[in-house]
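Q: So that we are looking at the same thing, I have put the structure below in structure tokens.
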Amino acid sequence: MTVTVGLGALLVGLALMLRQFLPATWAIVMKKGGGGGGTATATKLDWREHAPYVIGFCIGALAISLPGGIIRTIAAKVLGISNGVGGKIVSGGAGGAGHDVQHTVGKSMTATGALVTVLLIVALFVLRKALDKAARKQLMYGALAGITLGLSAGASGLTDSVLIPGVNQIGAAIGGKA
């Protein structure tokens, strides 16, 4: 199944990234810059607050990078919906024409790497009940952003150089060379 990332998916994914990181970053900038008389108390970004989002993003990027199967198909459908919704916003709201974004296909996931990815997705579903509502929401938004941005030029570099080799190595340690 060929999956393409369009400007609409980039819009959705980047909007989710802004939703997650912009409020905390803005508070830091306003506090350090002394601007605006804001009520910001943060002086540095606390990554523990964003951990569920980052974990969801990584698992979403791995899900869209799977070589096939039902998980990849579901992720591709989510990407297609994001392309459609974001494309309507880009064309209707900003007057731009939506087109596919170039990306390169890098490393391929091995069978044991795919096994590790499926285990991570299962662990995500099992452990999500242990999280509070806000963390579950962050996890879901992170997974959606990972699916929509996972094949784009910037995020595919992260996926190809860190995530896929990582799950491939863990899979090779678990199941041997595939």
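Q: May I ask you to verify whether Gly56 is at pLDDT 75 or above, part of a helix (DSSP H, G or I), more than 26 Å from Ile164 (Cα to Cα) and not aromatic (Phe, Trp, Tyr)?
A: Details: at pLDDT 75 or above: yes; part of a helix (DSSP H, G or I): yes; more than 26 Å from Ile164 (Cα to Cα): no; not aromatic (Phe, Trp, Tyr): yes.
Taking the combined requirement at face value, the residue does not satisfy it.
Q: Pairs needed: first member in the range 126-143, free of Cβ contacts under 8 Å to residues at least 40 places away in the same chain; second member anywhere, assigned to a helix (DSSP H, G or I) and crowded, with 17+ Cβ neighbours inside 10 Å; C-beta distance under 8 Å; at least 6 residues apart or different chains.
A: As it stands, the answer is Arg128/Leu139, since those pairs meet every condition given.
Q: Quick one: in the range 99-112, of everything that is part of a loop (DSSP other than H, G, I, E, B) and among the hydroxyl-bearing types (Ser, Thr, Tyr), which residue is modelled with the lowest pLDDT? Show your work before the answer.
A: Taking the range 99-112 and keeping what is part of a loop (DSSP other than H, G, I, E, B), we get 99, 101-110.
Filter once more, so that each one left must be among the hydroxyl-bearing types (Ser, Thr, Tyr): 104, 108, 110.
Numbers: Thr104: 55, Ser108: 85, Thr110: 90.
Among residues in the range 99-112 that are part of a loop (DSSP other than H, G, I, E, B) and among the hydroxyl-bearing types (Ser, Thr, Tyr), the one modelled with the lowest pLDDT is Thr104.
Q: Just to be sure before I move on: is Ile71 at pLDDT 90 or above and over 19 Å from Leu16 (Cβ atoms) in the structure I sent? So that I can check it myself, show each step before the final result.
A: Working: at pLDDT 90 or above: yes; over 19 Å from Leu16 (Cβ atoms): yes.
Considered against the rule, which asks whether it is at pLDDT 90 or above and over 19 Å from Leu16 (Cβ atoms), Ile71 comes out as yes.
Q: Could you list, in sequence order, the residues of the range 144-155 that are in contact (Cβ under 8 Å) with a residue 60 or more places away in the chain and in a helix (DSSP H, G or I)? Working first, answer last.
A: Let us first name the residues in the range 144-155 that are in contact (Cβ under 8 Å) with a residue 60 or more places away in the chain, namely 144-152, 155.
If the condition is that a residue be in contact (Cβ under 8 Å) with a residue 60 or more places away in the chain and in a helix (DSSP H, G or I), then Leu144, Ala145, Gly146, Ile147, Thr148, Leu149, Ala155 are the ones that fit.
One line per residue, one yes/no per condition, for (1) under 15 Å from Phe57 (Cβ atoms); (2) modelled with pLDDT of 90 or more:
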| position | (1), (2) |
| --- | --- |
| Ala97 | no, no |
| Ala114 | no, yes |
| Thr117 | yes, yes |
| Ala134 | no, yes |
| Leu139 | yes, yes |
| Gly142 | yes, yes |
| Ser152 | yes, no |
| Ile164 | yes, yes |
| Ile170 | no, yes |
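Q: In the range 1-23, how many residues are in a helix (DSSP H, G or I) and either within 15 Å of the chain's Cα centre (by Cα) or buried (at least 16 other Cβ atoms within 10 Å of the Cβ) (or both)?
A: Filtering the range 1-23 down to residues in a helix (DSSP H, G or I) leaves 7-23.
Adding the requirement that they be either within 15 Å of the chain's Cα centre (by Cα) or buried (at least 16 other Cβ atoms within 10 Å of the Cβ) (or both) leaves 7-21.
The total comes to 15.
Q: Cβ-Cβ under 6 Å, sequence separation 6+ or interchain: first residue in the range 163-175 and surrounded by fewer than 17 Cβ atoms within 10 Å (Cβ to Cβ), partner among the hydroxyl-bearing types (Ser, Thr, Tyr). Which pairs?
A: The qualifying pairs are Ala172/Thr112; Gly175/Thr112.
The values are calculated or read from the model by the stated rules, or taken from the named source; none is laboratory data. None of the values given here were measured: they were computed from a predicted structure. Cβ coordinates were reconstructed from backbone atoms using ideal geometry, including for glycine residues, and neighbour counts include every protein chain displayed.
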